[in-house]
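S.K.: Starting off with a structure, shown below.
The values are calculated or read from the model by the stated rules, or taken from the named source; none is laboratory data. Everything numeric in this text was worked out from a predicted model, so none of it was measured. Counting neighbours? That spans all protein chains shown, and the Cβs are built from the backbone with ideal geometry, glycine included. With ligands, DNA and RNA removed, areas are computed over all heavy atoms of the protein, side chains included. Shrake-Rupley method; radii C 1.70, N 1.55, O 1.52, S 1.80 Å.
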Amino acid sequence: MTRKRVLSGMRPTGRLHMGHLFGALDNWRKLQETYDCFFFIADWHALTTDYADPSQVKEYTIEVVLDWLAAGLDPRKATFFVQSRLPEHAELHLLFSMFTPLAWLERVPTYKEQQEQITDKDLHTYGFLGYPLLQAADILIYKAHYVPVGIDQVPHVELTREVARRFNFLYKEVLVEPDALLTEFPKIPGTDGRKMSKSYDNAIFLSDTPEAVTAKIKPMITDPARKRRSDPGNPDVCPVYDLHKVFTPAGEREKVIVPGCTSAGIGCLDCKQILLKHALPVLGPVSERRAELARDPDAVRAILDDGTERARKVARETLGEVKSAMPI
Ligand code: SF4
């Protein structure tokens, strides 16, 4: 039986951290067992925001794939490829741009949000407005059935479905309308309590050794109201406790951490030691695997070469069908 196809991508804008591990890669690892997964390095998408300094995009492409492999993604089960090596995506994007109303792009919530939030870059560009349409081309060119997304990305999948419908209505039933595979992600705060992000300098990277992880967790922000060891704390407002939810078994959280914290029975340092006891056996092997794989970057390039050729076959076929349907 042919497996249904899943497509997802990541921008090569830096090494991956725990937020990516639990926000995407863990899910991708499970999906590759059931679906025909296509995972791609979205380097053109990186240019939509980092166009002024794309100097590290190539290097980060390898770094990100090393992180994927270290997290357990398997190129024998899934297809890994690089977007910019497949000009078919760009051609389909161009063809879509002919019939996509401007209003569809202007109303995508991330368009306005990111223009307001990212103040150190000028995002009033044609590429930035059009990136959800490029995403639609990325998805539709593989006739993906599912796109794993968080709730904030659902409008992008909806746009993709609208583009597919419009194409199929105007020309011929060629494209497959994908469904969003809605995934609930745990909250992964950075060491300063804000969202984990490379740009906040608060991230725990997949490449961090157990020593580096320990050095980052020890000074991590806790419940800000718990100033002294004798003050009771509140795990609900503590970023360390958010990490406990990911690593520490529920029984130990309920029997040891919560009562210990709320009665000042345990100190924050004890609490972080318990977190490390559970986190390091998960994160340690990932960083070890990564270090091992990083010794052979040519092997990573070979994986990308092979995956890109596999992807090219599918992309060419769909583009051929699209062009003869238009016909062009
Ligand atoms: S004891 Fe643990 S959960 Fe409570 S405030 Fe300290 S670090 Fe947070």
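S.K.: Within the stretch 177-204, can you find the residues that are more than 30 Å from Ile141 (Cα to Cα), open to solvent by 30 Å² or more (accessible area, probe 1.4 Å) and without any contact (Cβ under 8 Å) to a residue 24 or more places away in the chain?
M.R.: Correct list: Arg194, Ser199, Tyr200, Asp201.
S.K.: Scan Val237, Val258 and give me the residue that is without any contact (Cβ under 8 Å) to a residue 40 or more places away in the chain, within 9 Å of the ligand (Cβ to nearest atom) and over 15 Å from Gly193 (Cβ atoms). Talk me through it step by step, then tell me what you get.
M.R.: Details: Val237 fails: over 15 Å from Gly193 (Cβ atoms).
On inspection, the qualifying residue turns out to be Val258.
S.K.: Let me ask something additional. Against the conditions (1) open to solvent by 60 Å² or more (accessible area, probe 1.4 Å); (2) within 20 Å of Gly193 (Cβ to Cβ); (3) away from the ligand (no atom under 12 Å from the Cβ), where does Arg289 fall short? Just the number, please.
M.R.: If we test Arg289 against (1) open to solvent by 60 Å² or more (accessible area, probe 1.4 Å); (2) within 20 Å of Gly193 (Cβ to Cβ); (3) away from the ligand (no atom under 12 Å from the Cβ), just (2) comes out false.
S.K.: Right, next: Report yes if some residue within the stretch 210-229 is at negative phi, away from the ligand (no atom under 14 Å from the Cβ), open to solvent by less than 40 Å² (accessible area, probe 1.4 Å) and not in a helix (DSSP H, G or I); otherwise report no.
M.R.: Within the stretch 210-229 (the criterion being at negative phi, away from the ligand (no atom under 14 Å from the Cβ), open to solvent by less than 40 Å² (accessible area, probe 1.4 Å) and not in a helix (DSSP H, G or I)), the answer is no, since none of the residues qualifies.
S.K.: Just to verify a result, which residue in the stretch 18-62, among those that are among the charged types (D, E, K, R) and in a helix (DSSP H, G or I), is surrounded by the most Cβ atoms within 10 Å (Cβ to Cβ)? So that I can check it myself, show each step before the final result.
M.R.: The first filter runs over the stretch 18-62 and keeps only residues among the charged types (D, E, K, R), leaving 26, 29-30, 33, 36, 43, 50, 53, 58-59.
Those left that are additionally in a helix (DSSP H, G or I): 26, 29-30, 33, 43, 50, 58-59.
Working: Asp26: 17, Arg29: 18, Lys30: 13, Glu33: 10, Asp43: 23, Asp50: 18, Lys58: 13, Glu59: 12.
Here the residue is Asp43.
S.K.: Now a separate question. All but one of (1) out of contact with any Phe, Trp or Tyr (no Cβ under 7 Å at 6 or more places or on another chain); (2) β-branched (Val, Ile, Thr); (3) more than 24 Å from Phe22 (Cβ to Cβ) hold for Val64; which doesn't?
M.R.: Status for Val64: all satisfied but (3).
S.K.: If I filter the stretch 261-280 for residues that are basic (Lys, Arg), more than 26 Å from the chain's Cα centre (by Cα), surrounded by 19 or more Cβ atoms within 10 Å (Cβ to Cβ) and within 16 Å of the ligand (Cβ to nearest atom), do I get at least one hit? Don't jump to the end; show me each part of the working.
M.R.: Kept after step one, since they are basic (Lys, Arg), are these residues of the stretch 261-280: 272, 277.
Add one more test, that the residue is more than 26 Å from the chain's Cα centre (by Cα), and what stays is 272, 277.
Next, from what is left, pick out any that are surrounded by 19 or more Cβ atoms within 10 Å (Cβ to Cβ): 272.
Those still in the list that are within 16 Å of the ligand (Cβ to nearest atom) too: 272.
Yes, the stretch 261-280 contains a residue that is basic (Lys, Arg), more than 26 Å from the chain's Cα centre (by Cα), surrounded by 19 or more Cβ atoms within 10 Å (Cβ to Cβ) and within 16 Å of the ligand (Cβ to nearest atom).
S.K.: It is to be established whether one or more residues within the stretch 160-176 are in contact with a strand residue (DSSP E or B) (Cβ under 9 Å, 6 or more places away or on another chain), assigned to a helix (DSSP H, G or I), more than 12 Å from the ligand (Cβ to nearest atom) and open to solvent by less than 30 Å² (accessible area, probe 1.4 Å).
M.R.: Of the stretch 160-176, the ones in contact with a strand residue (DSSP E or B) (Cβ under 9 Å, 6 or more places away or on another chain) are 160-161, 176.
Restricting the remaining residues to those that are assigned to a helix (DSSP H, G or I) gives 160-161.
Imposing the further condition that a residue be more than 12 Å from the ligand (Cβ to nearest atom) reduces the set to 160-161.
Now restrict to residues that are open to solvent by less than 30 Å² (accessible area, probe 1.4 Å): 160.
Yes, that holds for at least one residue.
S.K.: Ok, one more. Tell me which residues, restricted to the stretch 292-303, are open to solvent by 20 Å² or more (accessible area, probe 1.4 Å) and either within 16 Å of the ligand (Cβ to nearest atom) or in contact (Cβ under 8 Å) with a residue 24 or more places away in the chain (or both).
M.R.: Going residue by residue through the stretch 292-303, those that are open to solvent by 20 Å² or more (accessible area, probe 1.4 Å) are 292-299, 301-303.
Listed by number, the residues that qualify are Leu293, Ala294, Pro297, Arg301, Ile303.
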